[in-house]
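These notes concern the structure reproduced below.
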Amino acid sequence: MWITDSTGRIRFQDLLGSEGSALPPGTRVDTVRAEPFHDVIQSARASKRTQISSIGLLGSGERGILLVQPLFVGDRFIGFAGGTLTSGSILEFVEQQSPQLRGQLIIIAASDTVSGSTILAAHRRLPLDSASASIRIPGGGSWRLIAVQQVTDQSIRFLLWGVGLATLGTLLIGLLHERRQGLRLADRSAELERLSTELLRANRVKSEFLANVSHELRTPLNAIVGFVELLRDGVYGELNNRQAGPVERIASSANHLRQLVDQILDLAKMAAGRLDVQWETIELKSFIVDLTSEIEALLAERGLTLSISVSASLPRVRTDPMHLRQIVLNLLGNALKFTARGGIAVRARLIDIANESGGEGVNISAPSAPQTGTWVALEVADTGVGIARSDQERIFEEFEQVNAGPRTDSMQRGTGLGLPISRRLARLLGGQLTVVSETGKGSTFTVWLPVTGQPKGSGVFSAERVGRQAGEAIGTEQASGS
């Protein structure tokens, strides 16, 4: 007995009896050219009905009968269930039932010899006895079963009828077993489809919940931040020294909480494919200079240096400035957080991967890095603690953190959403975000921006549409954890 998958490859088989041999694992039954396999397999698939072969040479090299049942779930074909009955097993059954029989025996189904010992030519002088019956076979046909034996015992007639009935019973048992297997496969397929539908629904409900909660939290947070700014500006009176410190802490905590809510809201929008892209053409050097000026005070406070290497000859980049700003600020914030001494460098260069030009110092073999095309590689490098190779893809998964701060310091610890959101935004812009790092020697994050940019004539593009363009641009991107 054997069962295949939808491609016709044998996935399960079992030997029910004392003789016979198994087919090689992975055999495709519909490509076996030996009779009776080929015609019966094709006929069963086309008719969607059980088929039984004439007597022929089985795949194991023995003569016998092949029974095939096509398996369908609705109109979808999922495989075959089949079985073979060898000629030798029929004779063995006769001998086990009536070992007192003597002489020569031939069993004929339709016009084919099912099994037999030597031909009766040498014993023509002995009387012959025969029995016959019409048997309806699976597939709608019928056989005329004839058993012929030299008469050595009058009870042979009863035995021959027993052989016919036993053969038919064996075929029926095999057919029932195969049908049970088909029903089990159908039940499992239905269960998998049901679980898949439930998972999709649960994921959709989760995204909607995050979006709704984030939106409801952002409204009161904006009010808190606004009133704190009014307090700091002295609208309600000048603050004394005792009041200024707590107000600053309130402002810092409120801004941090608003940032976390915005991250969760962005994540929910991206999961739902509702984050829009406003395409503009920008000059990268002035964009980076303006952006890094916002963190100069923090750099001076921590005693870190900042170097910028962005050539004015770089081509103008067509991207979404707001999303690119969010990516770079997040990378700069991480560099500040995990760099105790040394400095931060921001570099940009033009790289033609196909011609291997302009890529000096840029690791294009990093996991998930583009493998073809012309790109602007925008790097943020630091001299901080670095990231172990085993963690370099894990950090792009939601809520995953490496070297997190203590739980009592939530602003230092973070949420593990910054890098996953940044990589998704980079892909939304048609590019990619990669990292090269070594523990104790710092990290280099690279934002890959396509030089071709967004086609002319486009205005606002949905996340789903731009995500498809990003997948085409990346090409042979390796699987990541995000």
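Couple of notes before you dig in:
- Yes/no for N255 being open to solvent by 50 Å² or more (accessible area, probe 1.4 Å) and under 20 Å from L417 (Cβ atoms): yes
- Summed over the range 6-29, residues that are in a loop (DSSP other than H, G, I, E, B), modelled with pLDDT of 75 or more and among the charged types (D, E, K, R) total 1.
- Residues (closer than 17 Å to V380 by Cβ, out of contact with any Gly (no Cβ under 8 Å at 6 or more places or on another chain) and outside any helix (DSSP H, G or I)) located in the range 310-327: V310, S311, L314
- When the range 31-40 is filtered for residues that are open to solvent by 40 Å² or more (accessible area, probe 1.4 Å) and either at pLDDT below 75 or of a type outside the set (D, E, K, R) (or both), the ones remaining, listed by number, are T31, R33, A34, E35, H38.
- The condition of being exposed (fewer than 11 other Cβ atoms within 10 Å of the Cβ), modelled with pLDDT of 85 or more, out of contact with any His (no Cβ under 9 Å at 6 or more places or on another chain) and over 30 Å from L265 (Cβ atoms) holds for only one of R188, R194, R179, that being R194.
- Meets criteria (under 37 Å from the mean Cα position of the chain (by Cα) and open to solvent by 60 Å² or more (accessible area, probe 1.4 Å)) for L332: no
- Residue count for the range 41-63, restricted to those that are open to solvent by 20 Å² or more (accessible area, probe 1.4 Å), hydroxyl-bearing (S, T, Y) and under 35 Å from the mean Cα position of the chain (by Cα): 2
Okay, residues lined up against (1) on the phi > 0 side of the Ramachandran plot; (2) of a type outside the set (D, E); (3) in contact (Cβ under 8 Å) with a residue 24 or more places away in the chain:
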| residue | (1), (2), (3) |
| --- | --- |
| R184 | no, yes, no |
| D187 | no, no, no |
| S196 | no, yes, no |
| L217 | no, yes, yes |
| N241 | no, yes, no |
| E248 | no, no, no |
| D262 | no, no, yes |
| L265 | no, yes, yes |
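- When the range 219-237 is limited to residues that are without any contact (Cβ under 8 Å) to a residue 12 or more places away in the chain and within 23 Å of D266 (Cβ to Cβ), the one that is most open to solvent (accessible area, probe 1.4 Å) turns out to be T219.
- Selection from the range 72-82 of residues that are touching a strand residue (DSSP E or B) at 6+ places or on another chain (Cβ under 6 Å) and open to solvent by 10 Å² or more (accessible area, probe 1.4 Å): I78
- Some residue of the range 313-328 being open to solvent by less than 60 Å² (accessible area, probe 1.4 Å) and small (G, A, S): no
- Residue pairs meeting the criteria (Cβ under 6 Å; at least 6 apart or on separate chains; first farther than 16 Å from E193 by Cα, in the range 71-84; second open to solvent by 30 Å² or more (accessible area, probe 1.4 Å)): G79/D5; G79/S6; A81/Q181; G83/M1
- All of (1) modelled with pLDDT under 90; (2) within 30 Å of E208 (Cα to Cα); (3) open to solvent by less than 10 Å² (accessible area, probe 1.4 Å) hold for P370 with one exception: (2).
- Residues located in the range 393-447, provided they are of a type outside the set (D, E, K, R), in a loop (DSSP other than H, G, I, E, B) and modelled with pLDDT under 85: F399, Q401, V402, N403, A404, G405, P406, T408, G414, T415, G416, L417
- Within the range 262-283, not a single residue is in a helix (DSSP H, G or I), surrounded by 12 or more Cβ atoms within 10 Å (Cβ to Cβ), at pLDDT 85 or above and aromatic (F, W, Y).
- In the range 294-306, the residues that are open to solvent by less than 60 Å² (accessible area, probe 1.4 Å) and either part of a helix (DSSP H, G or I) or over 11 Å from L336 (Cα atoms) (or both): I295, L299
The values are calculated or read from the model by the stated rules, or taken from the named source; none is laboratory data. Keep in mind that what you see is a predicted model, and the values were worked out from it rather than measured. Note: ideal-geometry Cβ built from the backbone for every residue, glycine included; neighbour counts use all protein chains shown. These accessible areas exclude ligands, DNA and RNA; they are computed on the full protein's heavy atoms, side chains included. Shrake-Rupley method; radii C 1.70, N 1.55, O 1.52, S 1.80 Å.
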